[in-house]
1. Could you work out how much longer the chain between residue 91 and residue 328 gets when fully extended? Use 0.36 nm per residue separation minus the Cα distance between them, nm to one decimal.
2. At a 10 angstrom cut-off on C-beta neighbours, averaged per residue, how do the peptides 338-351, 87-100 rank from highest to lowest?
3. Give the separation of the Cα centroids, region 1-48 to region 284-347, in Å.
4. Working only with C-alpha atoms, what are the Rg and Dmax values of region 214-355, expressed in angstrom?
5. Once the Cα atoms of helix 174-191 and of the chain are each reduced to a long axis, what angle between those two axes, in degrees from 0 to 90 to the nearest 10, is obtained?
6. How far is it, in nm, from the label point at residue 340 to the one at residue 299 when both lie 7 Å from their Cα along the line to the Cβ?
7. Could you work out the pair-distance distribution P(r) of region 46-117 from its alpha-carbon pairs, with 5 angstrom bin width and percents rounded to whole numbers?
8. Shape call for region 178-293 from the C-alpha gyration tensor, a ≥ b ≥ c root eigenvalues: rounded (a/c under 1.5), prolate (a/b greater than b/c) or oblate?
Ligand SMILES: [Zn+2]
């Protein structure tokens, strides 16, 4: 399948823009749906230009993941009010109620919720029904116009097939599209009656809706210190204090907290790395770390109810380095040293990873 030409890429972006500027949004489902398609294109797709099948259950699972964070009751900076933000101009969105219920039952722990397979499946089933009823067949309709450029509007069935080139474009423009989605989603939540009273003027809504769950990172610290023998992941020197838990693939590049993405570093090294991708020698060490501590990592994540999926982590990491190479981006070496990305990362994914045991899901 041919990759989309530059003209087709622009056309794709123009249509995405039209969805935002002309589409009608009552609930925030369409934003969640677009985000799910973009994320699943990264996690399941590739750069071949091929079509990509996505089940509605996979989309439903993504919905639960996004709304899980957002159903944390918002503590209002004005007044004493604490409540779950509204995600619909009318009654509260159904998915919010479903997710908020589960969130309460598991005291906020998404991974614990996932462990109760029966209830987790039933939650997915119920969200799946909403996905099929509400946004899935409506996303690509603007007024009277059918603009089905992402997938065929079949209006039935348990899966969609992204048209040829769509997953490619979602991967290529992931951060741009994510910014569009988050900006529009945020404005929509602000505009919903009832929310302004809770939000006040100054609330950092973006961090609340889409930020990292900072408190959950703390749990990685002592374990990472142990498997790294007390050394910094990047400079290999001893960490005197407690160290910083660092997102190996920076949060701004891909905001998913999967267990394998964390390493321990000096606060200084962490600050110097900022939002850069780590240079290839660090990537190699990441592969080695995951290989060497394969069982220990799994065991720890399971014990502490941390979400992980080695295969997704590999896919996301590979995608992030592909993006960097396409953009001729600089990667971070150490201290203030950065350099243009080379091609060794590709070798690591094609050869280095062959020897690595795969997550047996
Ligand atoms: Zn260091």
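Rule-based calculations on the coordinates, nothing more; no lab input. This structure is a prediction, so every number in the text was calculated from the model and none was measured. Virtual Cβ from ideal backbone geometry, glycine too; neighbours counted across all protein chains shown.
1. Values: separation 237, 0.36 × 237 = 85.32 nm, distance 4.73 nm.
Working it through step by step, the gained length comes to 80.6 nm.
2. Packing order, densest peptide first, comes out as 87-100, 338-351.
3. 26
4. Rg and Dmax of region 214-355, Cα atoms, are 14.2, 40 Å.
5. Computed tilt is about 50 degrees.
6. Roughly 4.6 nm, to one decimal.
7. Calculated P(r), rounded to whole percents: 3, 14, 20, 20, 16, 10, 8, 6, 2, 1, 0.
8. Working: a/c = 2.88, a/b = 2.29, b/c = 1.26.
It is prolate, given that a/c is not under 1.5 and a/b is the larger ratio.
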